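Q: One structure follows; several queries about it will come next.
The values are calculated or read from the model by the stated rules, or taken from the named source; none is laboratory data. What you see is a predicted model, and the numbers here were worked out from it, not measured in a lab. When we count neighbours, we look across all protein chains shown, and the Cβ atoms used for this are built from the backbone with ideal geometry, even at glycine.
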Amino acid sequence: PAQDGEAPAPAAGAPATWSEEPIDLEGLKAANVDFDLVVGGIRIQEIKIGRSAVAVALKDGLLDLDLKELALYGGQGSGRLSLDGRGKVPAVTKSFAIQGVEAEPLLTDAAGFGRLEGTGRFDISIRTMVGALDGKGAVKFVDGAIKGINLGAMVRNVSSAFLDPAARETQKTDFAELSGSFTIAKGILRNQDLLLLNPLLRLTGAGSADMPQRRVNYRIEPKVAATAQGQGGAADVGGITVPVIVEGPWDDLSYRPGRADRGRGQGPGQGARRREADHRGAPGEPDRRPRQGVRGRGQAAGAR
């Protein structure tokens with residue numbers, strides 16, 4: 001138990017949360033320095049950086065760390081970290097370009113997310129201020145797996161794929177390549193171009209993640225592929241698509257079948273717009289769209 005005046009320790013197995021400790025950069029105004037050094041390791045919050053060559057410049061409350069050589073979770077690259085304590089609102093800016101990174105330990109330490117295996121490439125730029133997180137980036141992983149879901153099984157047997165939540169602990173979706181880009185505005189990460197390739201499956205996806213609340217709202221569309229090509233293969237290979245909705249806190253995600261778009265090759269909503277255009281007819285032809293307000297006996301207003 002916690003002693004008097006101490007905060008209680010988190011319960012075992014409790015969901016991880018972001019630290020609410022305020023960022024205090026007042027100490028950066030105490031000195032001005034400029035030097036280069038090689039360090040055996042750096043720790044930024046929970047992220048562990050290995051042997052690195054760093055150029056340090058501190059002036060008037062602005063600290064710039066130029067990570068010219070950066071070892072990070074098995075990968076190599078470069079990065080830049082700026083801590084700005086000159087104004088009333090402190091700001092932290094991070095940018096990294098790294099290849100060969102092991103995804104699972106990095107994402108576990110950085111965001112408490114341990115459901116992705118594989119080797120990745122990151123190009124990320126993020127700016128953090130009080131109450132705001134903004135940035136953009138692109139990622140690509142190869143030869144890995146998404147833990148907790150078997151999308152191939154869902155496509156092959158959609159009638160029973162969602163009935164056993166306990167099986168998620170051992171399920172995986174292997175991939176040859178997984179890539180996408182994203183933007184972050186006020187803490188909301190949005191992605192519109194997720195692409196997963198493996199020899200028997202193609203997957204596209206789009207959605208958002210509320211990073212302050214650690215929640216996901218995402219739609220993915222796996223498709224059985226009629227090809228044995230993995231990395232570098234085409235995204236559109238025909239086949240049956242079974243949409244899946246992924247939502248909830250990212251340490252306890254849920255999966256359910258989504259509504260399929262009947263228009264082949266169309267994005268969300270395009271099939272409905274095309275059907276409406278077909279009813280409307282060409283210029284000069286009569287409007288064949290169903291009249292609003294005309295309903296069968298006993299149908300409540302607003303029913304469809």
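Q: Kindly indicate whether Leu67 is under 26 Å from Pro105 (Cα atoms) and assigned to a strand (DSSP E or B).
A: So Leu67 fits the description; yes.
Q: Could you count how many residues in region 219-240 are in a strand (DSSP E or B) and either surrounded by 19 or more Cβ atoms within 10 Å (Cβ to Cβ) or at pLDDT below 75 (or both)?
A: 4
Q: Show the residue pairs meeting these rules: Cβ distance below 9 Å; 6+ apart or different chains; first residue within region 183-198 and exposed (fewer than 15 other Cβ atoms within 10 Å of the Cβ); second residue of a type in the set (Lys, Arg).
A: Here the result reads Thr183/Lys136; Thr183/Arg190, each pair linking region 183-198 to a residue that is of a type in the set (Lys, Arg).
Q: Condition test on Ala16, is it surrounded by 10 or more Cβ atoms within 10 Å (Cβ to Cβ), more than 17 Å from Arg127 (Cα to Cα), at pLDDT below 70 and among the aliphatic types (A, V, I, L, M)?
A: So Ala16 passes the test.
Q: For region 212-226, name all the residues that are in contact (Cβ under 8 Å) with a residue 40 or more places away in the chain and touching a strand residue (DSSP E or B) at 6+ places or on another chain (Cβ under 6 Å).
A: Arg214, Arg219, Ile220, Pro222, Lys223
Q: Could I ask something else about it? Quick one: how many residues across region 198-213 are assigned to a strand (DSSP E or B) and on the phi < 0 side of the Ramachandran plot?
A: 10
Q: Shifting gears a bit: Within region 31-61, which residues are at pLDDT below 90, crowded, with 18+ Cβ neighbours inside 10 Å and farther than 28 Å from Glu117 by Cβ?
A: The answer is Gly61, and nothing else.
Q: Continuing with the same structure: Would you please name the residue that is modelled with the lowest pLDDT, looking only at residues in region 87-100 that are closer than 15 Å to Ile44 by Cβ and among the β-branched types (Val, Ile, Thr)?
A: Selected residue: Val92.
Q: Of these, Gly87, Gly77, Gly50, Gly41, which one is within 30 Å of Ile149 (Cβ to Cβ) and small (Gly, Ala, Ser)?
A: Gly77
Q: Would it be correct to say that Gln76 is closer than 25 Å to Thr108 by Cα, surrounded by fewer than 12 Cβ atoms within 10 Å (Cβ to Cβ) and polar (S, T, N, Q)?
A: no
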